[in-house]
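*Asks:* A single structure is presented below for examination.
The values are calculated or read from the model by the stated rules, or taken from the named source; none is laboratory data. Because the structure is predicted, anything quoted here is derived from the model rather than measured. We place every Cβ from the backbone using ideal geometry, glycine too, and count neighbours over all the protein chains shown.
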Amino acid sequence: MTSSRLPNGGQIERAKSVGFTFDGRAYSGHPGDTLASALLANGVTLFGRSFKYHRPRGLLAAGSDEPNALVTIISGDVREPNVRATELEIFDGLAVQSQNRFPSLEHDLMAVNQLAGSLLSAGFYYKTFMGPAIGPLKSTRFWMFCERFIRRAAGLGKAGIAADPDRYERMNAFCDVLVVGSGPAGLIAAEAAAATGARVIIAEERPVAGGSLLASGEIIDGRNPAVWAREKAEALANLPNVRFLTRTSVWGYYDGNVLTAVQRVSDHKPNRTKGQPRQRHWVIRAGKTILATGAFERPIVFPGNDCPGVMLADAVRRFAVEYGVAAGKNVAFFTNNDSAYDAARTLSLAGIAVTTIVDVRPDVSGACRDIANILGAELLLGSAVTGTHAGKSLSAITVQHFNMTTGRISGAPREIKTDCLGVSGGWSPVIHLASQAGGKPEWDEDLQAFLAPEPNQNWVVTGSAAGYMDTISVLSDAATKGSAKSRLVLPSVEAPMLDSSPAPVFEIEPAGKSQKAFVDFQHDVTASDIRLAYREGFHSVEHLKRYTTLGMATDQGKTSNVPGLAIMADIRGISIPDAGTTRFRAPFTPVSMGAIAGERYGDLRPHRLTPMHDWHISNGAKTYEAGLWHRPMIYGSHGETIEQAYTREARAVREGVGIVDVSTLGKIDIQGPDAAEFLDRVYTNMFSTLPVGKARYGLMLREDGIVFDDGTTWRLGETQFLMTTTTANAGPVMQHLEYYLDCVWPELRVHLTSVTDVWAGAAISGPKSRSVLETCVTGTKVDNTALPFMGIVYGRIADIPVMICRLSFSGELAYEVYSGAGHGTRIWEALIAAGKQFDIVPYGLEALGTLRIEKGHVTGAEIDGRTTAHDLHLGWMLSKKKTYIGSAMINRPGLKDEHRLSLVGLISLDNQSINGGSHIVSDKTPREPADSFGHVTAACYSPALGKYIALALVKHGTSMIGKRAFATDLLRDKHGAVEIVSHHMFDKDGSRMHG
Amino acid sequence: MIIKCPYCGPRDVIEFTYQGDATRKRPDPSSTDQNLWNAYIYDRSNPAKSHREFWLHTGGCRQHLVVTRDMSTHSISSVGFARDSKHAGDQ
């Protein structure tokens, strides 16, 4: 392939060379090249295959608006797909693959899709695959069969499956003024803002500042505009109040003037320095945002417009001026506005021949004619390109007369040889961020483009993003927008007098059969797809977008949006603003997930360990996670199954004594003169009558009458209580109480403190538990008189102060011993040592569960957000002497309905275990679907009863007692007979714990 | 969104928990008017204009705030402690 590199020019380092591979083949370029410019310099014009039809595609643009040249970067096992070749800076060792081609870019088998082109038009998938089965080739099932083939044939790059080895960082930044873009507008606006002393951040998506100045043929302050821009940027970056971020794309605009940006810190380097991230994600909170984001050139839609070699006029100029690369040897232009003449002029300055300028307008200004004359280019006015000829890339164009008022083509086609066609269909200000911020874009008739709306947050738009298309007005607008009091002396500008207002021509529509005319290159949407959408009733832009997928590719229609709308507006015979436009969404350009995640990946949950955790582990505990807590499940011995272990532990509690870590219970310290009154309102039962030194079991409802939480609350003093909550509800209960104190009863003098982590708790249970305490507790008696049921005493264990409350979850004589969290393990070990002579056994959650199931005590499995106090047989706790949260709603008919599920016990009749979650049915054999009249909430083997038992919520629960039913679990293939019994399955009168 | 907590200063919304409509008034606790209670518990207004709502500064001072926020633009016009608020209280 021949080199297209110009002998001189460009902002690349010609003295150095950089080696890289594209589809396995080695190429070289220079530092400063993008992949696009380096390949183009090497004579490569084919960059990829299109999304649906697998058409050969070359470069259309030179920047972030590029729809065609998407590539995959390969680095070991890691692939990064859909990177725009026009933004990818090359470095030594860069390896890149083209996409959506098989087996190779040059010889693509899927290009047969082109032959089936008319089948694959808009709505093809819906029409062919969705809906009921009518005939063999029409149904959702058919789609499911075809999907894998279609997915392979259509699409973009493939994502990798290897873990991303790179490091990403996140930054939060604050500034008075954020300037997005550093073209002429951004630089001057930033300079004006910085002069006021404001803290300024400038974000530039490209490696260097300058924007349009980098490829401009104008002269600024007597100098090359790229040099002027570089000096201006350096001066700004040196100011103490300015932070200049290059390679940084601002991709999102959110409420409160929060903007998000991605900085490509080391994507352009072969090796990262130690600790350097690949990318850095910025969240910038700006006092004011200046959007100096420039404008994107639009293509004109005409037949054959996707042929490699057909590019945007500005892109042809940029490759020549910025990178010293000739996109063609004999370049033609096709335009509806003056800016292509400036591109042609600049191209000629770079030493590239411009042969022809095709202009849809019947007449052009003297300045334009002068340029054509000087260049020696043939000027074809009132004409349009109506076709292209290509082998692998463009060889000739067809030009015909064109009447822009009627849109009619006439005359004999004339063939003009050219290897590159620069197209300009006018300019669309880049208003994506403003649109994201919430404003509705406004149509500008002069520019034939949408402009940013009135700001709804503190932002301004300046430069070509605001519709100023010549450098002089861009600079003066930017100075004012940067600071209203700006006294900047603006530079002089030498530029031809051109007018970028385009003629309102978006599409050249041929009369007869012609080549495809593409609107959205990345999603392969043609002008005829838009017409088809119209014929099939999809008229609104929102429908058009979704039916044809116009503008829904990764480029979000940067080049296709306005032409697509214009075509639909034309068909409907309405104006473009009446057709409306869709709102732009974040991100402006694709953002890697890694950058957003930053260092937040893997297991992000905190792990909560109790003070005695290490003891549990070193004593054989198998733990599992209960919420964020790690809790012992069982303390296993060799050769024991889980069931054997918890059975052994639970039996030890019933027959001797056991000890369990209860530090995870939620604990809230409640103090204040109105603490008792507060608890009376929060709990269904009375707490103001509770004597100091006693605890009481309490039940809380939600405002709607459903049970919220339960637990014991201890009165430590006249105005001080210690509330315990279930482990899982510690946070929600705290929030619930805070809400009522702050928002509903602010007059109550009560203060809440979460003390969950302050106390370590150990429950010792079993008939011998009192003996254990008697052995080790000093400073207090623990006999039935000193420490009756629900009593509280203070004493010492191992000379450490402890608080002991006699309460029972297991149904046995039991005590909870609380100490400062730092002493937890010492107290625990002292209790174990004291219990040794009584064969004390540590038990885990499984045994705890078993003991409570035997007793019919409820936990979160039964307090499931649907059950009432009556459902759980806790109606006795609902005070009739007072009101409380939920009291107004508990008597609603739905909550008293006799058909409600209520708590019962189950006993397995076939001596088989019962699965948690099983449904209660009346069918003897498994049947699907079956009428379920309840479900199992918890199940275990009960050593006390010698049977498999369960708790269940069953319809008409109480009246079902004594009846037989079946617990069925179709998922785990289990079905067995059970007897419905009272939920109090063991020690119904509670004599054991009161003893 | 940034909420200017009167105690902690301006903080990102991520630190706060939304706690619902602050314009509701809890009925008198002894009231048995089911319609009144139904409205309090289940009805929430969501006007496309300025609205008062409770936010709990969960990751900060743990105070409930009354935030007056325009529901269509998210702009916040005032923030105060719920405890100081006039509408709070039912007894």
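*Asks:* Of all residues being of a type in the set (S, T, N, Q) and not in a helix (DSSP H, G or I) in the stretch A:629-645, which is nearest to residue A:913 (Cα to Cα)? Just the residue, please.
*Replies:* Here the answer is A:641.
*Asks:* Answer with yes or no whether residue A:855 is surrounded by fewer than 20 Cβ atoms within 10 Å (Cβ to Cβ), more than 44 Å from the chain's Cα centre (by Cα) and modelled with pLDDT of 95 or more.
*Replies:* Values: surrounded by fewer than 20 Cβ atoms within 10 Å (Cβ to Cβ): no; more than 44 Å from the chain's Cα centre (by Cα): yes; modelled with pLDDT of 95 or more: yes.
For residue A:855, the condition - surrounded by fewer than 20 Cβ atoms within 10 Å (Cβ to Cβ), more than 44 Å from the chain's Cα centre (by Cα) and modelled with pLDDT of 95 or more - is not met.
*Asks:* Return the residues of the stretch B:1-21 that are more than 9 Å from every other protein chain (Cβ to nearest Cβ) and among the β-branched types (Val, Ile, Thr); say none if nothing qualifies.
*Replies:* B:3, B:14
*Asks:* All but one of (1) more than 10 Å from every other protein chain (Cβ to nearest Cβ); (2) in contact with a Pro (Cβ under 6 Å, 6 or more places away or on another chain); (3) of a type in the set (D, E, K, R) hold for residue B:83, so report the exception by its number.
*Replies:* Every condition holds for residue B:83 apart from (1).
*Asks:* Which residue out of A:581, A:610, A:589 is over 24 Å from residue A:430 (Cα atoms), in contact (Cβ under 8 Å) with a residue 12 or more places away in the chain and of a type in the set (Val, Ile, Thr)?
*Replies:* A:610
*Asks:* Just give me the residues in the stretch A:739-796 being part of a helix (DSSP H, G or I) and within 30 Å of residue B:53 (Cβ to Cβ), in sequence order.
*Replies:* Once the filter is applied, which keeps residues that are part of a helix (DSSP H, G or I) and within 30 Å of residue B:53 (Cβ to Cβ), the stretch A:739-796 yields A:739, A:740, A:741, A:742, A:743, A:744.
*Asks:* If you go through the stretch A:384-405 one residue at a time, how many are in contact with an Asp or Glu (Cβ under 6 Å, 6 or more places away or on another chain) and buried (at least 22 other Cβ atoms within 10 Å of the Cβ)?
*Replies:* Summing the residues that are in contact with an Asp or Glu (Cβ under 6 Å, 6 or more places away or on another chain) and buried (at least 22 other Cβ atoms within 10 Å of the Cβ) in the stretch A:384-405 gives 1.
*Asks:* Has the stretch A:247-254 got at least one residue that is surrounded by fewer than 20 Cβ atoms within 10 Å (Cβ to Cβ), at pLDDT below 95 and either within 14 Å of chain B (Cβ to nearest Cβ) or within 18 Å of the chain's Cα centre (by Cα) (or both)?
*Replies:* Yes: the stretch A:247-254 contains one or more residues that are surrounded by fewer than 20 Cβ atoms within 10 Å (Cβ to Cβ), at pLDDT below 95 and either within 14 Å of chain B (Cβ to nearest Cβ) or within 18 Å of the chain's Cα centre (by Cα) (or both).
*Asks:* Let me confirm something: among A:890, A:885, which residue is within 12 Å of chain B (Cβ to nearest Cβ), of a type in the set (Val, Ile, Thr) and over 20 Å from residue A:725 (Cα atoms)? Outline the logic, then answer.
*Replies:* Working: A:885 fails: over 20 Å from residue A:725 (Cα atoms).
That would be A:890, the only listed residue that is within 12 Å of chain B (Cβ to nearest Cβ), of a type in the set (Val, Ile, Thr) and over 20 Å from residue A:725 (Cα atoms).
*Asks:* Mind listing whichever residues of the stretch A:893-912 are within 14 Å of chain B (Cβ to nearest Cβ) and either in contact with a strand residue (DSSP E or B) (Cβ under 8 Å, 6 or more places away or on another chain) or without any contact (Cβ under 8 Å) to a residue 12 or more places away in the chain (or both)?
*Replies:* Correct list: A:893, A:894.
*Asks:* Those residues that are among the basic types (Lys, Arg) and touching a Phe, Trp or Tyr at 6+ places or on another chain (Cβ under 9 Å), I need them from the stretch A:596-637; list them, please.
*Replies:* Once the filter is applied, which keeps residues that are among the basic types (Lys, Arg) and touching a Phe, Trp or Tyr at 6+ places or on another chain (Cβ under 9 Å), the stretch A:596-637 yields A:608, A:622, A:631.
*Asks:* Moving to a separate point now. What residue, among those in the stretch A:688-729 that are touching a strand residue (DSSP E or B) at 6+ places or on another chain (Cβ under 9 Å) and within 14 Å of chain B (Cβ to nearest Cβ), is surrounded by the fewest Cβ atoms within 10 Å (Cβ to Cβ)?
*Replies:* Checked the stretch A:688-729; the qualifying residue surrounded by the fewest Cβ atoms within 10 Å (Cβ to Cβ) is A:702.
*Asks:* Moving on to the next point. Just the residues that are more than 34 Å from the chain's Cα centre (by Cα), part of a strand (DSSP E or B) and surrounded by fewer than 19 Cβ atoms within 10 Å (Cβ to Cβ), please, taken from the stretch A:22-79.
*Replies:* Matches in the stretch A:22-79: A:25, A:26, A:28.
*Asks:* Restricting the search to the stretch A:39-52, which residues are among the small types (Gly, Ala, Ser) and within 21 Å of residue A:157 (Cα to Cα)?
*Replies:* Listed by number, the residues that qualify are A:48, A:50.
*Asks:* A follow-up question, please. Restricting the search to the stretch A:692-732, which residues are in contact with a His (Cβ under 8 Å, 6 or more places away or on another chain) and in a helix (DSSP H, G or I)?
*Replies:* none
*Asks:* Turning to a different aspect of this structure: Would you check if residue A:741 is surrounded by 21 or more Cβ atoms within 10 Å (Cβ to Cβ), within 14 Å of another protein chain (Cβ to nearest Cβ) and within 25 Å of residue B:25 (Cα to Cα)? Let's see the steps before the verdict.
*Replies:* Details: surrounded by 21 or more Cβ atoms within 10 Å (Cβ to Cβ): yes; within 14 Å of another protein chain (Cβ to nearest Cβ): yes; within 25 Å of residue B:25 (Cα to Cα): yes.
When the stated conditions are applied, residue A:741 passes them.
*Asks:* Follow-up question, since we're still on this one. When you check residue B:68 against the structure, is it within 12 Å of another protein chain (Cβ to nearest Cβ), of a type in the set (Val, Ile, Thr) and touching a Ser or Thr at 6+ places or on another chain (Cβ under 9 Å), yes or no?
*Replies:* Details: within 12 Å of another protein chain (Cβ to nearest Cβ): no; of a type in the set (Val, Ile, Thr): yes; touching a Ser or Thr at 6+ places or on another chain (Cβ under 9 Å): yes.
No; evaluated as a whole, the condition is false for this residue.
*Asks:* Tally the residues that are surrounded by 14 or more Cβ atoms within 10 Å (Cβ to Cβ), within 16 Å of the chain's Cα centre (by Cα) and part of a helix (DSSP H, G or I), restricting the search to the stretch B:28-57.
*Replies:* Going through the stretch B:28-57 one residue at a time, the tally reaches 2.
*Asks:* Criterion first (facing chain A (nearest Cβ under 10 Å) and within 14 Å of the chain's Cα centre (by Cα)) does residue B:63 satisfy it? It would help to see each step written out before you state the result.
*Replies:* Numbers: facing chain A (nearest Cβ under 10 Å): yes; within 14 Å of the chain's Cα centre (by Cα): yes.
Spelling it out, residue B:63 is indeed facing chain A (nearest Cβ under 10 Å) and within 14 Å of the chain's Cα centre (by Cα).
*Asks:* Restricting to the stretch B:22-57, name every residue that is among the hydrophobic types (A, V, I, L, M, F, W, C) and within 10 Å of another protein chain (Cβ to nearest Cβ).
*Replies:* Step one: of the stretch B:22-57, the residues among the hydrophobic types (A, V, I, L, M, F, W, C) are B:22, B:36-37, B:39, B:41, B:48, B:54-56.
Passing the criteria: B:22, B:36, B:37, B:41, B:54, B:56.
*Asks:* Further question on the same structure: If you scan the stretch A:670-691, which residues turn out to be of a type in the set (Asp, Glu) and either in a helix (DSSP H, G or I) or farther than 27 Å from residue A:880 by Cα (or both)?
*Replies:* A:677, A:680
*Asks:* Here's another thing I want to ask about it. Enumerate the pairs (first residue in the stretch A:159-187 and under 22 Å from residue A:209 (Cα atoms); second residue anywhere and small (Gly, Ala, Ser) and exposed (fewer than 15 other Cβ atoms within 10 Å of the Cβ)) with beta-carbon separation below 9 Å, excluding pairs fewer than 6 apart on the same chain, so at least 6 apart or on different chains.
*Replies:* A:174/A:287; A:175/A:287; A:176/A:197; A:176/A:287; A:177/A:287; A:178/A:287
*Asks:* May I pose another question? Out of the residues in the stretch B:71-80 that are of a type outside the set (S, T, N, Q) and at the interface with chain A (Cβ under 9 Å from one of its Cβ atoms), state the one that is farthest from residue A:747 (Cα to Cα).
*Replies:* Top of the filtered list is B:74.
*Asks:* Within the stretch A:473-484, restricting attention to residues that are part of a helix (DSSP H, G or I) and among the aliphatic types (A, V, I, L, M), which residue is nearest to the chain's Cα centre (by Cα)?
*Replies:* Going through the qualifying residues, I end up with A:478.
*Asks:* Check A:470, A:477, A:446 and return the single one that is buried (at least 22 other Cβ atoms within 10 Å of the Cβ) and among the charged types (D, E, K, R).
*Replies:* Details: A:470 fails: buried (at least 22 other Cβ atoms within 10 Å of the Cβ); A:446 fails: buried (at least 22 other Cβ atoms within 10 Å of the Cβ).
On inspection, the qualifying residue turns out to be A:477.
*Asks:* Still on this structure, please answer the following. Being modelled with pLDDT of 95 or more, within 14 Å of another protein chain (Cβ to nearest Cβ) and in a helix (DSSP H, G or I) is true for just one of A:735, A:837. Which residue is that?
*Replies:* Criteria check complete, one pass: A:735.
*Asks:* What number goes with the only condition from (1) part of a strand (DSSP E or B); (2) among the β-branched types (Val, Ile, Thr); (3) within 14 Å of another protein chain (Cβ to nearest Cβ) that residue A:817 does not pass?
*Replies:* (3)
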